[in-house]
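What follows is calculated from the coordinates using simple rules that are stated; it is not laboratory data. This structure is a prediction, so every number in the text was calculated from the model and none was measured. Positions of Cβ are backbone-derived with ideal geometry, glycine not excepted, and every protein chain shown enters the neighbour counts.
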Amino acid sequence: MSLDKPSQEEQSNAKKLSLEALSAVKVMVIDDSNTIRRSAEIFLKNSGCKVILAEDGFDALAKIANEHPDIIFVDIMMPRLDGYQTCSLIKRNARYKTTPVIMLSSKDGLFDRARGRMVGSDQYLTKPFTQETLVDAVQTYASLGKNIQEEAE
């Protein structure tokens with residue numbers, strides 16, 4: 001057994017494998033900003049994810065029932081149905097209560113994070129986000145989701 005660091009080729013192969021695994025992951029992005037939706041879509045599609053976009057909470061709830069996303073990113077500040085309300089409705093539904101919901105916000109206050117946790121969010125990311133931040137969250141929650149599914153079977 002070698003204690004050497006993995007070679008750069010081994011590291012890139014490990015990354016490729018994890019990125020290949022992302023091709024089976026359906027990610028929903030809910031944001032009223034077209035720019036944010038498109039940025040997230042580009043970042044996630046470049047990583048191999050299937051991306052579903054929604055403009056607000058109402059649009060998202062209709063699409064969730066049809067698309068069954070594996071992970072949901074939701075903006076907090078949206079008209080009609082904000083991110084907290086959307087997350088709460090998703091988490092109250094027995095079918096989707098284990099679906100990871102990650103809040104997106106330009107606010108980084110303790111109160112905002114706590115309120116997100118209270119409605120059931122799994123993580124809180126601040127905007128502007130990077131491709132690395134989004135993909136890391138997807139990789140983390142996609143692997144957790146697979147573990148939960150395997151345990152249920």
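Overview of results
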read-out: Efficiency of FRET between Thr140 and Asn46 - r from beta-carbon atoms, R0 30 angstrom, step 0.05; value: 0.95
read-out: Ile64, Ile30, Ile36, Ile90 arranged by Cβ crowding within 10 Å, fewest neighbours leading; value: Ile36, Ile64, Ile90, Ile30
read-out: Under 5 Å, built H, 5+ apart or other chain: amide partners of Met77; value: Gly83
read-out: Simple Cβ-charge dipole of the stretch 17-88, Lys/Arg +1 and Asp/Glu -1, about Cα centre, in debye nearest 20; value: 180 debye
read-out: Debye intensity ratio in log₁₀ form over the Cα atoms of the stretch 21-152, taken at each q of 0.13, 0.19 Å⁻¹; value: -0.46, -1.06
read-out: Under the Karplus curve 6.51 cos²θ - 1.76 cosθ + 1.60, θ = phi - 60°, whole-Hz ³J(HN,Hα) for the stretch 127-142, x wherever Gly or Pro sits; value: 8, x, 9, 10, 4, 4, 4, 5, 5, 4, 5, 5, 4, 4, 7, 5
read-out: Burial ordering of Ile76, Ile52, fewest other beta-carbon atoms within 10 Å first; value: Ile52, Ile76
read-out: Magnitude of the charge dipole, the stretch 21-152, Cβ model with Lys/Arg +1 and Asp/Glu -1, debye to 20; value: 220 debye
read-out: Order of Glu132, Glu41 - criterion: other Cβ atoms within 10 Å of each residue's Cβ, fewest first; value: Glu132, Glu41
read-out: Average Cα contact separation per residue, the stretch 21-152, under 8 Å, 6 or more apart, as relative contact order %; value: 24 percent
read-out: Phi-based couplings in Hz for the stretch 34-42 (Karplus 6.51, -1.76, 1.60; Gly and Pro marked x); value: 4, 4, 5, 4, 5, 4, 4, 4, 4
